[in-house]
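Right, one structure below, let's go through it.
The values are calculated or read from the model by the stated rules, or taken from the named source; none is laboratory data. None of these values were measured; they are calculated from a predicted model. Cβ placement follows ideal geometry from the backbone for every residue including glycine, while neighbour counts extend to all protein chains displayed. Side chains are part of the model used for accessible areas, which takes the heavy atoms of the whole protein and leaves out ligands, DNA and RNA. Shrake-Rupley method; radii C 1.70, N 1.55, O 1.52, S 1.80 Å.
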Amino acid sequence: MRNATWKAASRAALALTGAGALAAGMAMVLVAPAAAGTTLGASAAEKGRYFGAAVAAYKLSDSAYTTILNREFNSVTPENEMKIDATEPQQGQFSYGQADQIVNHARSRGMSVRGHTLAWHSQQPGWMQNMSGSALRQAMLNHVTQVATHFRGQVVAWDVVNEAFADGSSGARRDSNLQRTGNDWIEAAFRAARAADSGAKLCYNDYNTDNWSHAKTQAVYAMVRDFKQRGVPIDCVGFQSHFNSGSPYPSNYRTTLSSFAALGVDVQITELDIEGASAATYRSVVEDCLAVARCNGVTVWGIRDSDSWRASQTPLLFTSGGAKKPAYDAVLAALNNGTTPTDPPTTPPPTTPPPGPGGCTAAVAVNQWTGGFVATVKVTAGSSAITSWTVTLTLPLGSTVTNAWNANRSGDTGTTNWTNVAYNGRVGAGQSTEFGFQANGTAGGLTPTCAAG
Ligand code: G2I
């Protein structure tokens with residue numbers, strides 16, 4: 001169900017555009033249908049994506065604003081109206097008026113809605129700021145449950161938890177009253193959200209997680225990998241992507257998106273704005289999303305520059321007067337030029353001949369960035385089931401393994417040996433299992449060999 005959501009939403013948006021154009025055409029005869037490919041939303045929909053904007057409820061009465069919103073976008077994120085202080089201003093008293101207004105505006109026009117955000121250290125109402133311990137944990141879980149239940153069936157994706165990691169090189173969680181309730185607060189929030197709305201995609205959302213070599217990015221990656229391994233219900237990762245001189249668009253952005261996607265989650269660009277609105281940078285961001293099959297879409301954090309939380313940086317696609325900026329043209333062109341994406345397979349098919357009974361093969365897929373890489377190794381049993389396996393891999397000089405998952409290892413440099421852990425030694429005939437590791441340096445041409453025990 002969740003996988004079908006974006007395409008269904010896109011179709012609805014297209015159908016609506018067509019119907020509206022038809023009605024206008026009957027009245028005025030000469031109005032041409034808004035052909036797919038002439039607006040951001042329609043072009044994105046052609047690529048199976050959405051193109052969204054953060055929307056403020058109080059601006060829905062501004063016709064210059066809604067004209068652009070309704071024409072260009074097929075997804076909406078409430079900018080502040082679903083935050084904790086807005087939806088539960090007093091404990092146990094829920095207030096959905098402004099959020100409902102945005103949801104109704106969007107859905108009546110065939111736009112999908114991203115929910116933002118259920119659990120966050122910021123924008124907490126006073127009563128929550130003053131809470132701690134198990135009372136806070138319960139209050140947070142109740143909030144997640146109530147809000148996700150209210151919007152069930154109306155929100156295609158939720159930012160369940162927002163900004164839970166610290167900036168800088170620590171790779172640690174951000175200190176907050178929620179974090180102090182216990183390290184498992186994030187997974188508890190995800191489980192509560194899933195229980196309340198099993199149809200919405202559940203995302204972790206953060207900023208400064210765009211550069212693959214940054215500690216914060218790696219820390220979020222490790223959490224998502226751990227969640228996937230342990231069955232914590234997470235479906236997607238949101239990259240806010242607020243780019244400016246202090247936090248520029250990184251050349252390894254595509255590596256970041258594809259590396260997360262390879263964990264088995266969707267990726268979404270959730271709050272894009274770029275200081276100065278460089279057309280080239282906007283184009284690159286969109287191309288990077290289109291290059292990753294599991295990148296569902298892009299949301300810009302506001303419509304006109306004057307709508308931006310950083311208006312002085314003029315970071316958006318429309319001028320304060322509502323005119324299209326060069327960045328708009330670049331984004332539209334990128335959406336229209338984009339080809340239907342095919343991610344490189346996480347693990348390419350084995351190049352060696354199929355093993356005989358009792359044997360196994362191993363194949364490796366690498367995501368390389370400047371100074372490091374992640375390798376995913378697929379172990380495939382031959383025509384008989386195996387009960388244990390050992391993979392041998394020789395790393396190039398200068399490469400050192402820093403961490404690994406789903407396998408035991410001996411050796412961090414040179415020739416390394418990898419053996420199954422308790423839960424993945426048994427592999428059925430012709431079936432596969434995967435393990436992975438991260439390393440410094442360059443992968444080069446890794447050629448794994450596999451022996452079954
Ligand atoms: O800070 C930029 C974004 C970073 N990621 C999470 C987003 O949720 C966040 O959005 C911004 C909104 O764009 C601002 O509009 O979040 C801010 C609050 O953390 C929002 O600012 C607040 C002001 O601080 C309040 O004084 C104001 O009442 O907007 C509120 C409503 O206009």
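Number of Lys-Lys pairs in the chain with C-alpha atoms under 29 Å apart and a separation of 8 or more places or on different chains: 24.
Each residue, R230 and T67, gets one label point 7 Å from its Cα in the Cβ direction; the gap between the two is 5.3 nm.
Net charge in the neighbourhood of A404 (other residues with Cβ under 14 Å of its Cβ; Lys, Arg +1, Asp, Glu -1) is -1. Helix 97-107 versus the longest principal axis of the chain: what angle, 0 to 90°, nearest 10, using Cα atoms? Roughly 80 degrees between the two axes. Its residue count N sets the reference 2.2 N^0.38 Å, and the alpha-carbon radius of gyration of the stretch 57-202 equals 1.09 times that reference. Shown here is the pair-distance distribution of the stretch 150-262: with all Cα-Cα distances grouped in 10 Å bins from zero up to the longest one, the shares run 14, 45, 33, 9, 0 percent. Measuring from a point 7 Å past the Cα of S198 along Cα-to-C-beta, which residues in the stretch 139-166 have an amide N at less than 18 Å? Counting backbone N atoms under 18 Å from the label point, the list is 145-146, 148-158.
Using R0 = 56 Å, the C-beta based FRET efficiency linking A385 and Q91 works out to 0.50. Segment S320..N142, full-extension length gain: 60.1 nm, with 0.36 nm per residue of separation and the alpha-carbon distance subtracted.
What 222 nm value per residue comes from the helices of the chain, counting each DSSP H run with n ≥ 4 as -39,500 (n - 2.57) and dividing by all residues, nearest 500 deg cm²/dmol? Let's see the in-between values first.
Working: 12 runs with 139 residues, N = 453.
It comes out at -9500 deg cm²/dmol, rounded to the nearest 500.
Size check on the chain: the Cα extents along the three principal axes, sorted descending, read 73, 56, 41 Å. Applying 1/(1 + (r/R0)^6) with R0 = 30 Å to the Cβ-Cβ distance of Q123 and V366 gives a FRET efficiency near 0.15. Pull up the DSSP beta bridges for the chain and report the antiparallel fraction as a percent, rounded to 5. If we restrict to bridges inside the chain, about 55 percent are antiparallel. When D100, D329 are compared by accessible surface with a 1.4 Å probe, the order from highest to lowest is D329, D100. Against the chain, whose longest principal axis comes from its Cα atoms, helix 326-337 is set at around 50 degrees.
Take V156: with every protein chain present and a 1.4 Å probe, its accessible area is about 20 Å². Note on Q431/T402: beta-carbon distance plugged into 1/(1 + (r/R0)^6) with R0 of 25 Å gives a FRET efficiency of 0.30.
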